[in-house]
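Written out below as structure tokens is the structure these notes cover.
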Amino acid sequence: MAASSLSLSWASTTISNKINVPHLNEALQPTSLPTTNTLKCMRGATIIEESHHNRRALLLGFGALTATLFPSTSVLAQEKPKNFEAFVDLEDGYSYYYPADWREFEFLAHDSAFKDRYMQLHNVRVRFIPTDKKDIHDLGSMEQVITDLVTKVYSSPNQEATIMNMEERSEDGKNYCTVEFRMVSRNFAVDSFATIAIANGRYYTMIVVANDRRWKKYRNQLKVIADSFKVMDI
């Protein structure tokens, strides 16, 4: 796996084939993010929400899985962190880890989502849209792509978005970019990781969110989720 950082220094988000896989062993060490300058903005746009048909995940034990069932790009090819579970969507071609005590929920216009049982702002969500691009670098400059994602998709006009840092990685021929950012509004602030990838004619985005007051305590746990996101060929 190769990883590199980019700095931002200017001012200015059946078997159903959806599987939760509990009890895989060992630990995955989270990758630390480099510190960089920040980007501030007051821009935003409204996401057009669309109806989402709920497809319940199938719970399977590790013993029911075979090596031939999952491609090498799957999260299952790696060692699972302690106290995490694996979510694998063979139908839509992606996978990731989420904390074992989180529960699945529906989030409009997203394909999958899990949230903390007690801290409602703590959650992970994945969605995708069609694209004719083959790789995230086909979208343009990563600085501009990430800026647009944070300011035009994840933030609203009444929020100030600050991009803390961003990191690129490449695994199994797929490129990913993860950004850490904060959004502040009048009454509250949230911190997030967002990871993007392109595969299967789809532009995938994952966002992991937490309350700003708890970010320092839970940041490393949430970074594991962001780093675990993988896409696979379907």
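Quick notes on this structure:
- L139 sits among other residues whose Cβ lies under 15 Å from its own Cβ, and their net charge, with Lys and Arg +1 and Asp and Glu -1, is -1.
- Segment 160-180 versus segment 183-234: alpha-carbon centroid distance in Å: 10
- Accessible surface of segment 84-231, 1.4 Å probe, proportion on carbon and sulfur as whole %: 47
- Neighbour-limited loop hits for trypsin sites (Lys or Arg not before Pro), segment 163-228 (at most 13 other Cβ within 10 Å; DSSP other than H, G, I, E, B): R186
- Prolate/oblate/rounded call for segment 84-231, Cα gyration tensor, a/c under 1.5 rounded: oblate
- Placing unit charges on the Cβ atoms only, positive for Lys and Arg and negative for Asp and Glu, gives segment 84-231 a dipole magnitude near 600 debye about its Cα centre.
- Chymotrypsin sites (Phe, Trp or Tyr not before Pro) within segment 99-135, DSSP loop, no more than 14 other Cβ atoms inside 10 Å: F105, Y118
- Sparse packing (at most 12 other Cβ atoms within 10 Å of the Cβ) combined with a DSSP loop state is found for the following chymotrypsin sites (Phe, Trp or Tyr not before Pro) in segment 184-229: F188.
- Projecting label points 7 angstrom from Cα along Cα→Cβ for D148 and R186 puts them 3.1 nm apart.
The values are calculated or read from the model by the stated rules, or taken from the named source; none is laboratory data. Note that this is a predicted model, so its numbers are computed, not measured. So basically every Cβ, Gly included, is an ideal-geometry build from the backbone, and we count neighbours across all protein chains shown. Ligands, DNA and RNA are stripped out before the accessible areas are found, and what is left, the full protein with its side chains, is counted by its heavy atoms. Shrake-Rupley method; radii C 1.70, N 1.55, O 1.52, S 1.80 Å.
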